[in-house]
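K.L.:
Please see the structure below; I have some questions.
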Amino acid sequence: MIHYNIHRLPAMASGAFLVLWMSLCTAVPTVCATAPVQVVVSILPQKYFVERIGGRRVTVSALVGPGQSPATYEPSPRQMLTLARAQIYFRIGVPIEAALIPRIRQMYPKLRISDTREGVQLRLMDTSAEIFGDSHKPAHHHTEARDPHIWLSPALVKIQAHNIARTLSAADPAGADYYRTQAQLFTGELAELEQELTGALSHLSGRRILVFHPAWGYFADQFQLQQLPVEISGKEPSPRQLARIIEFAKRENIRVMFVQSQFSGSGARAIMDAMDGVVVSLDPLGESYPDNLRRIANTVAQHFLEP
């Protein structure tokens, strides 16, 4: 790297150099940025969002890595050290945050914790009541739980993008214009993605899809689908419950079930084996967000069978 000492330049050259440098700072804010803003997020899709908006002005680490579940993951000592050095932690509502947030508030009081759910209307978690009937609702009423999977709706990611840009701007005021512009570009890309996915799924409007874990509520809401989960309060169905699901699937002529790669699919396979159906894996936590959502939509469109 070349280092310039403007004090040794002739006065006119020094002035020209400063004008050029200030112009670069205005046109490309990352030229004058100091150390990148250190950011930690819970899951990989958030990492994509923050990097898309923050560019080289941010360095982003995700707690839950590929193939890991945000329902059971425990941060490693190295990740706790990363949190200690971070300036911002973006939360999104996944289960690991319930125990983690109070812990890091106490350990790292200067860490800025930003909730990307701000402005998002959270839906209730779907249950298997249609399959099992109201009498099979869990004692703690799983229906009272709020669905954290807000990243699976591009419409809701637009809201999250503006929340991210606002928080980054507060931590790095010199980059505020850059973050705002990047957020606008990103939301434009999301609008195009919405149109693409709407076209891919339009022929399934109003249809029901059988899923193991109820991760697809926001996705289903946006694209006019209905998810039917078979998981019972986070647990696989009992043999008696499996029989009920099989009976339901036969009655509705459902021969495909969608599962997450992060969860065991043994219960799903037992159901589909009895139906001579198929189990299809979808990954709601893929980091390359637009490509992953396209993959999800195309997979659902390809495997969905009408009742």
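K.L.:
Evaluate the following for Gln121: is it more than 23 Å from Leu185 (Cβ to Cβ), in a loop (DSSP other than H, G, I, E, B) and at pLDDT 95 or above?
P.N.:
On the way: more than 23 Å from Leu185 (Cβ to Cβ): yes; in a loop (DSSP other than H, G, I, E, B): yes; at pLDDT 95 or above: yes.
In short, yes.
K.L.:
Any chance region 192-212 includes a residue that's touching a residue at least 40 places away in the same chain (Cβ under 8 Å), in a loop (DSSP other than H, G, I, E, B) and either crowded, with 16+ Cβ neighbours inside 10 Å or assigned by TED's automatic domain parsing to the domain that holds Val157 (or both)?
P.N.:
Quick first cut of region 192-212, residues touching a residue at least 40 places away in the same chain (Cβ under 8 Å) only: 193-194, 196-197, 200-201, 203-204, 207-212.
Narrowing the set further to residues that are in a loop (DSSP other than H, G, I, E, B) leaves 207, 212.
Remaining after also requiring either crowded, with 16+ Cβ neighbours inside 10 Å or assigned by TED's automatic domain parsing to the domain that holds Val157 (or both): 207, 212.
Yes, because at least one residue in region 192-212 is touching a residue at least 40 places away in the same chain (Cβ under 8 Å), in a loop (DSSP other than H, G, I, E, B) and either crowded, with 16+ Cβ neighbours inside 10 Å or assigned by TED's automatic domain parsing to the domain that holds Val157 (or both).
K.L.:
Considering every residue within region 290-305, establish whether at least one is in a strand (DSSP E or B) and modelled with pLDDT under 90.
P.N.:
Looking only at region 290-305, we keep the residues that are in a strand (DSSP E or B), and these are none.
Checked against the condition, which is being in a strand (DSSP E or B) and modelled with pLDDT under 90, region 290-305 yields no hits at all.
K.L.:
Going by what's in this entry, would Leu63 be described as at pLDDT 95 or above, within 21 Å of Pro284 (Cβ to Cβ), surrounded by 13 or more Cβ atoms within 10 Å (Cβ to Cβ) and not assigned by TED's automatic domain parsing to the domain that holds Thr181? Working first, answer last.
P.N.:
Values: at pLDDT 95 or above: yes; within 21 Å of Pro284 (Cβ to Cβ): yes; surrounded by 13 or more Cβ atoms within 10 Å (Cβ to Cβ): yes; not assigned by TED's automatic domain parsing to the domain that holds Thr181: no.
Here the answer is no, as Leu63 does not meet what is asked.
The values are calculated or read from the model by the stated rules, or taken from the named source; none is laboratory data. All of these numbers come straight from a predicted model, not from anything done at the bench. Neighbour counts run over all protein chains shown; Cβ positions are idealised from the backbone, glycine included.
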